[in-house]
Structures are given as C-alpha cells and as structure tokens.
Amino acid sequence: MKKYSIEFSEVAIEDLQSISAYVGEYFIEKARTDAYVLSIIDRIELLKSVPNMGVLANDKLGVPVSTEIGYRLLFVDPYVAVYYVEDENKLITIVRIFHQKQDFSSLF
C-alpha cells in the first residue's frame, strides 16, 4: 500500500517558524531549538502511514470548523496540527500548527 505524502501550507510553515523563534528564546543552543521543531515534524510524519490518526476537528471542538473539509487535529504536545486528507491523491495537507492554549476558532 502506497504511503501518503505530506505538504505544509504556507501558513503552517510560518507557524513552525514562529514556534522555532519562540522556543529559541528558551534554548541557548540553536541545535536544541532545531531538534525541538524536528520532533514536531517527526510526529506529523507518522500521518504518512496512519492518515486518520488525528481526531475530527468538529468532534473535538464541539463547533463546526468546516462543513466541506474534514479537518483533523493531531496533538503534538503542547501543539496541535490541523490537517485534512485527500484519499484519492494520497495527500495530507497541514493547514496550521498552534499551541493548545490558543483560541482554535480564531485560526479558521
């Protein structure tokens, strides 16, 4: 069975850059910051084998995020990756990555 591929939206890439900048304030060594961000990406990469690993956003948030797109949430403590799956193209698109304490609804 062919694995899915993953693409990051421009906004998700910006989210990762923001996370890196924020975490970089706490880690003196750049290598530790890079390793931290890579650990988030590594967790997201697991979706290639199990694309529906995350929970449906509408179920978790209790309010409809989208009626057209089946957004899912992957928890990468303390962050959440928002993504959707295109089964016909074997493609996973990471839409946003944000801290769990952020207001989810303001991001859509």
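Nothing in this text is a laboratory measurement; each read-out follows from the coordinates by a stated rule. Quantities reported herein were computed from a predicted structural model and do not represent experimental measurements. Don't worry about glycine lacking a Cβ; one is built from the backbone with ideal geometry, like all the others, and counts go over all protein chains shown.
Grab the DSSP H runs of the chain that are 4 residues or longer, score each as -39,500 (n - 2.57), total them, divide by all residues and round the 222 nm result to the nearest 500 deg cm²/dmol.
-10500 deg cm²/dmol
Relative to the longest principal axis of the Cα atoms of the chain, helix 30-45 runs at roughly 10 degrees. For LYS101, the aspartates and glutamates whose Cα comes closer than 20 Å to its Cα, not counting residues fewer than 8 places off in the same chain, are GLU14, ASP15, GLU25, ASP59, ASP77.
Among [x] 35; [y] 41; [z] 44, only one was calculated for this model; which label is it, if the read-out is percent of Cα pairs over 21 Å apart? So the structure-derived entry is [x]. Annotation: aspartates and glutamates with alpha-carbon distance below 18 angstrom to LYS3 (same-chain offsets under eight excluded): ASP42, GLU45, GLU86, ASP87, GLU88. Each Lys and Arg adds +1 at its Cβ and each Asp and Glu adds -1 at its Cβ; summed about the Cα centre, segment 5-107 shows a dipole of about 260 debye.
Could you work out the local net charge near TYR79, counting Lys and Arg as +1, Asp and Glu as -1, over the other residues with Cβ closer than 12 Å to its Cβ?
Counting the neighbours of TYR79, the net charge comes to +1.
For ILE13, what charge total do you get from the other residues with a beta carbon under 11 Å from its beta carbon, if Lys and Arg give +1 and Asp and Glu give -1? Summing Lys/Arg as +1 and Asp/Glu as -1 gives -3. For the chain, the longest principal axis of the alpha carbon atoms and the long axis of helix 10-24 meet at an angle near 30°. The order of the peptides 19-28, 81-90 by mean Cβ neighbours within 10 Å, most packed first, is 81-90, 19-28.
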